[in-house]
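Derivation of every value follows stated rules applied to the coordinates shown; laboratory data play no part. In this text the structure is predicted, and so the values were computed from the model without any measurement. Cβ atoms come from the backbone with ideal geometry, glycine included; neighbour counts cover every protein chain shown.
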Amino acid sequence: MTYKDYYDTLGVDKNATEKEIKKAYRKLANRYHPDKNQGDKSSEEKFKEINEAYEVLGSAEKRKKYDELGANWEAYQQGGYRSQKGKGSPFGRGNGSRTYTFEGDPSEFFGGGGDYSSFFEQFFGSGFEGATGRGSRQAGGRQRALKGSDWQAEMEVTLEEAFEGSTRTFELHGQTLRIKIKPGIADGQVLKLKGKGGAGVNGGPAGDLFLKIKIKPHPAFQREGDDLFLDKTIDLFTAVLGGRMVVPTLSGNISMKVPKGTNPGSKLRLKGKGMPKYGSSGQYGDMFVRIQVQMPQKLSAEQERLFEEIRNLEAVAA
């Protein structure tokens, strides 16, 4: 097989640093990406060559083997070396195909004016990362179809949306897309939109769009799994004598009993008032109310006298 000078492909010196190689790759990938050069076969071929070169030079281990074996690199690769497959995806998906990851600002990759850049900036902010198109190499001199780019982005939702469920609607490439957020969705969970990524190469299928859910912090509630936690302050008298208090939940306010002698730091449980269990209709986690006790700051003379009496009674009882 013909020896391929990957350094020449990326336009870098053989002593180039990792940073210089990555910079050169980004620049060339931006220039020759199929999404920016649709129908241009020479750009498609160049894009594949760039990715092939970066797959080797972007890995310290592979680069070392390439530098050592030189023209025998391809023969060594066929004889014993195998590139890692199914790796490179930040969500651990493996389908036996090569994955190349673009790292950096999406506006740098798309030039800041394409459909993708405006789409992700509007709906997902800066939490975006893409993986370049992947597929098999040439076989028998024939071009094989390559799957288009897989794209990853973060989508922020409120805790209320995660509790009730919601639908997000937006336009992408002239199509109306609707993302259904089911009740109970978790922070870090990934939604897949099949075929909504980058365009395929050589007639290959489009890539997929992966949305990683990021739940915004709530000012009152903290979530742990399907359970919710809330801090609630009560006065000393309610803590000592018991009573009732109004507690907010994501489904509305409720009245809750406070047992006599409730200590600061106690947790009172509201069964079934937590988050919906994802995919399990009608099932909910619990809410735990963490009690804080507000001590009286200013006492009247009469109140001080009464507290003294209580203390004396406690001393006698002991």
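Quick notes on this one:
- Förster radius 45 Å - calculated FRET efficiency between T17 and T167, Cβ distance, rounded to 0.05: 0.45
- Nearest-0.05 FRET efficiency for K27 and L177, computed from C-beta distance (R0 51 Å): 0.95
- Each residue, D8 and R290, gets one label point 7 Å from its Cα in the Cβ direction; the gap between the two is 6.5 nm.
- Judged by the mean number of other Cβ atoms found within 10 Å, the most tightly packed of the peptides 164-170, 198-204, 218-224 leads the ranking 198-204, 218-224, 164-170.
- Expressed in units of 2.2 N^0.38 Å, where N is the residue count, the Cα radius of gyration of the stretch 194-318 is 1.81.
- Applied to the stretch 295-303, the Karplus parametrisation 6.51 cos²θ - 1.76 cosθ + 1.60 on θ = phi - 60° returns per-residue 3J(HN,Hα) values of 7, x, 8, 10, 10, 6, 4, 5, 5 Hz, with x for Gly and Pro.
- Cα centroids of the stretch 11-72 and the stretch 283-318: 71 Å apart.
- Using the average count of surrounding beta-carbon atoms within 10 Å as a protection proxy, the listed peptides 231-239, 304-312, 271-279 rank, highest first, as 271-279, 231-239, 304-312.
- Of K36/K196; K22/K48; K22/K65; K22/K147; K46/K147, those spanning more than 20 Å from alpha-carbon to alpha-carbon: K22/K147
- Maximal additional length on extending the K192-V247 stretch stands at 16.1 nm, based on 0.36 nm per residue less the C-alpha distance.
- Fully extending the segment from N312 to E45 would add 87.0 nm, taking 0.36 nm per residue of separation and subtracting the current Cα-Cα distance.
- Shown for E45, E68: other C-beta atoms within 10 Å of each C-beta, ranked fewest to most, produce the order E68, E45.
- Between the beta carbons of S281 and D227, assuming R0 = 22 Å, the FRET efficiency works out to 0.75 to the nearest 0.05.
- Burial ranking of peptide ranges 177-186, 15-24 (average Cβ count within 10 Å, highest at the top): 177-186, 15-24
- Spatially proximal aspartates and glutamates relative to K267 (Cα-Cα < 18 Å; intrachain offsets below 8 disregarded): E224, D226, D227, D231, D235, D286
- If the chain linking E160 and R269 were pulled fully straight, counting 0.36 nm for each residue of separation and taking away their Cα-Cα distance, it would gain 37.2 nm.
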